[in-house]
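Any read-out appearing in this document is the output of simple, stated calculations on the displayed coordinates, not a laboratory observation. Just so we're clear, the structure is a prediction, and the values are computed from it rather than from any experiment. So basically every Cβ, Gly included, is an ideal-geometry build from the backbone, and we count neighbours across all protein chains shown.
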């Protein structure tokens, strides 16, 4: 048996699993297509949640293998026959076997990402199929495949949230959406859904949407029960942003910072986040500087490697090398710590879950048992 990994040692392993994928010697639950983590096996490695690619063609060359070990749900991560870490594969959520009174399977309304209930509330996007389509996105692919429904109703989401909490231990809810044609970009409908979910289940909710034209919408959804928000710039490199997400590029980095600033005033430091996708050709120093500027503003940069979505416009790409991703983690994690931001203090959403990134493993190195803060001891490059 391998010694228990923690801190940067565990972070390095997780970064490699997410960059190179894992060959799986049995069947596990997975997320395919859509706006969430695609081609994603969802497990815990030494207790830390992680998603990783396991069906893409490039995974066949990965040196990592996930193998079952004895007890049901007990697995190990191996490389060249050597066990590196223990893993837990969660069982199929029990609420997946339930349906609404009008016959909709619960799993078509929301999915459980380990302990986080997630739903793409509006499964269509204004930009889909047009020149403005985000190249990394696969939001309508799962709809085309019949794995979801176009629009989820607040009452259905509330019903599913109660079941996911009571039957499967869900601890928060993440609501995202394709961009709609209104000036609020879909945020008001997410707020309506959040209100229903909070009233029924009490679970904290994150809403993810493009910056609305009228930033007073942020106050409205706060009053409706949204606890944290994600407004995802994706890349701090303007050239890359213009290529991969033309509509977001029109808002621009400056536009996102304006929206983030107002959101931080309303939701608080650390309760506003942005995805920062690595491996799309971005300038490294520009990305580091952008992450630090976001942290200064009270925004949590959720740094993730590109997870190519099969069938998307970037479906033939591969994730960036683990060493490249780690170089960002080693810059961002200490800067988060000294500025008082931490993934474990985010109320809800992707940064709270953390499974699609290894950043939290680098953050937690040096965290005192009391829960106080201490600067991670890392080799900052």
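Here are a few things to note about the model shown:
- Residue order for 12, 323, 210, 345, fewest other beta carbons within 10 angstrom first, comes to 323, 345, 12, 210.
- Considering all different alpha carbon pairs of region 158-211, the Kirkwood hydrodynamic radius works out to 11.6 Å.
- Stretch gain in nm, segment residue 144-residue 323, where the contour uses 0.36 nm per residue and the Cα spacing is subtracted: 60.9 nm
- Using a Gaussian network model of the chain in which every pair of alpha carbons under 10 angstrom is joined by a spring, one finds that among 48, 89, 338 the greatest mean-square fluctuation is at 338.
- Whole-angstrom gap from region 130-170 to region 192-270, using each part's C-alpha centre: 18
- Debye log10 I(q)/I(0) at q = 0.17, 0.29, 0.31 Å⁻¹ for region 262-303, Cα point scatterers: -0.45, -0.96, -1.04
- Calculated P(r) of region 77-121 - Cα pairs past 14 Å, %: 61
- Placing dummy labels 7 Å off each Cα toward the beta-carbon, the span from residue 79 to residue 124 is 4.6 nm.
- Estimated [θ] at 222 nm from DSSP helical runs (n ≥ 4, -39500 (n - 2.57)) normalised by residues in the chain, nearest 500: -10000 deg cm²/dmol
- Calculated SAXS-style log₁₀ I(q)/I(0) at q = 0.17, 0.18 Å⁻¹ - region 59-101, Debye, Cα scatterers: -0.58, -0.62
- Between 225, 181, 202, the GNM of the chain built on Cα springs shorter than 10 angstrom shows 181 fluctuating the most.
- Sorted largest first, the spans of the alpha carbon positions of the chain along the three principal axes are 54, 49, 45 Å.
- Region 68-184: mean projected area of Cα convex hull, nm²: 10.6
- Remark: 343, 235 ranked as 343, 235, counting other beta-carbon atoms within 10 Å and listing the fewest first.
- The packing ranking, built from the mean of other Cβ atoms within 10 Å per residue, places the peptides 121-127, 214-220, 137-143 in the order 137-143, 121-127, 214-220, highest first.
- Computed from the C-beta positions of residue 215 and residue 71, the FRET efficiency with R₀ = 56 Å rounds to 0.60.
- Exposure proxy ranking for 130, 317, based on other Cβ atoms within 10 angstrom of each Cβ and starting from the fewest, stands as 130, 317.
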